[in-house]
Amino acid sequence: MTPSITDSAVNAAITAISSESATAEEKIQMLIEIAQGFQKKPKNSQDLRNAMGLFYHAYQMCGDDYPLLKARTKIGMAGILQISPDSTPQLLQQSKADYEEALEILHQYATPEEVAEAQMNLGLVLQSLVPYNLARITDSIQAYHEALRVFTWQDYPQEYAILYNNIAIAYLSMPMASEREYLRQGLAVQSFEVALKHINLIDHPREYAMLQNNLGNALQYLISSHPVENNLRAIEAYNEAIKVRNPRDTPLEYANTISNKANALFNLPDNPEKPELGNQENLLKAQVYYQEAWQIFTAHQQTEQAEIVAKALEELQAEIQAISILT
């Protein structure tokens with residue numbers, strides 16, 4: 001097999017570093033920086049393998065002399081295992097072990113921000129391991145809260161928003177007895193609302209839209225004796241998200257939000273004060289949103305999302321037809 005350009009680049013980098021008159025510490029740092037370049041914008045899985053090889057080479061060079069750089073190589077390798085398209089429960093477990101090993105060192109030598117970023121990523125790995133019964137969701141939530149000690153809304157609004165979003169999703173995935181289902185859903189809604197007290201439309205539009213969209217989802221499926229009120233609140237949240245998301249700049253995010261809004265409209269009476277009158281108007285509005293979302297997902301070759309919307313649209317059209325027959 002002919003070596004790829006990236007393979008050649010990696011070999012050339014290692015050769016250049018080996019012959020450099022730089023110090024060992026500088027060489028390790030160079031390897032880490034090259035590996036991070038592959039890791040941040042991988043064009044294919046080979047780029048991730050190259051990054052892993054460079055991180056490992058740097059790790060071997062560290063020995064016991066450069067603990068902070070050693071921890072950073074561990075963080076790099078953990079991150080690759082975490083995002084690899086071929087990731088398995090075993091690889092995720094290795095990623096978890098790498099993060100935990102690195103964190104022991106980072107606590108001694110790194111900045112609070114570097115520690116918090118590692119805790120944030122550890123939380124994601126733990127969350128990914130929960131479906132395999134290889135981690136507890138409470139440990140994931142704890143890791144996120146540790147990161148929030150550093151990533152405050154004043155100084156790090158983007159990380160703050162992502163952390164609260166992750167915490168809410170973790171609550172929603174928490175297994176509970178059916179009679180306590182409302183509790184985890186309530187905690188998720190509360191997490192979104194806490195974040196939205198500080199993340200606003202003007203200063204943090206992208207994060208604001210993400211939180212509002214996901215708040216709408218949580219409200220829509222919240223077990224409650226007030227489903228109409230929750231759906232109205234959900235639609236308000238989706239409308240806030242659509243102030244940022246639009247078909248030109250963020251088509252997929254926009255399509256996701258309008259399909260979520262259509263779901264809420266499907267179950268909302270036209271007049272909340274008189275639900276017995278039905279929801280024909282809201283069904284017609286939902287149909288328009290579903291059709292627009294389907295067109296966007298199809299145009300961007302998002303087959304799975306397009307199929308889900310198509311099925312929902314089919315059910316909605318059957319409902320509209322049934323109502324028209326009755327009337």
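The values are calculated or read from the model by the stated rules, or taken from the named source; none is laboratory data. A quick note: this is a predicted structure, and the numbers were derived from the prediction, not measured. Glycine also receives a Cβ, built like all others from the backbone with ideal geometry; neighbour counts cover every protein chain displayed. The accessibility values were calculated without ligands, DNA or RNA, using every heavy atom of the protein model including side chains. Shrake-Rupley method; radii C 1.70, N 1.55, O 1.52, S 1.80 Å.
Please give the number of the condition residue 233 fails out of (1) open to solvent by 70 Å² or more (accessible area, probe 1.4 Å); (2) in contact with a Phe, Trp or Tyr (Cβ under 6 Å, 6 or more places away or on another chain).
(2)
What is the residue count in segment 55-64 for residues that are more than 27 Å from the chain's Cα centre (by Cα) and either open to solvent by less than 50 Å² (accessible area, probe 1.4 Å) or at pLDDT below 90 (or both)?
3
Would you check if there is a residue in segment 142-150 being modelled with pLDDT under 95, assigned to a helix (DSSP H, G or I) and either within 17 Å of the chain's Cα centre (by Cα) or of a type in the set (A, V, I, L, M) (or both)?
No, segment 142-150 has no match at all.
For residue 6, indicate whether it is at pLDDT 85 or above, assigned to a helix (DSSP H, G or I) and hydroxyl-bearing (Ser, Thr, Tyr).
Taking the combined requirement at face value, the residue does not satisfy it.
Is there a residue being closer than 26 Å to residue 171 by Cα and at pLDDT below 95 anywhere in segment 268-284?
yes
Every residue in segment 308-323 that is open to solvent by 60 Å² or more (accessible area, probe 1.4 Å) and either over 16 Å from residue 260 (Cβ atoms) or modelled with pLDDT under 95 (or both), please.
314, 315, 317, 319, 321 - these are the residues of segment 308-323 that are open to solvent by 60 Å² or more (accessible area, probe 1.4 Å) and either over 16 Å from residue 260 (Cβ atoms) or modelled with pLDDT under 95 (or both).
Kindly provide the set of residues from segment 89-137 that are assigned to a loop (DSSP other than H, G, I, E, B) and either among the acidic types (Asp, Glu) or open to solvent by 50 Å² or more (accessible area, probe 1.4 Å) (or both), ordered by number.
Of everything in segment 89-137, those that are assigned to a loop (DSSP other than H, G, I, E, B) and either among the acidic types (Asp, Glu) or open to solvent by 50 Å² or more (accessible area, probe 1.4 Å) (or both) turn out to be 111, 133, 134, 136.
With the structure loaded, tell me whether residue 39 is open to solvent by 60 Å² or more (accessible area, probe 1.4 Å) and either of a type outside the set (Ser, Thr, Tyr) or outside any helix (DSSP H, G or I) (or both) or whether it fails that test.
no
Of all the residues that make up segment 267-293, how many are open to solvent by 50 Å² or more (accessible area, probe 1.4 Å) and in a helix (DSSP H, G or I)?
11
Enumerate the pairs (first residue in segment 136-153 and closer than 12 Å to residue 117 by Cα; second residue anywhere and open to solvent by less than 20 Å² (accessible area, probe 1.4 Å) and in a loop (DSSP other than H, G, I, E, B)) with beta-carbon separation below 9 Å, excluding pairs fewer than 6 apart on the same chain, so at least 6 apart or on different chains.
none
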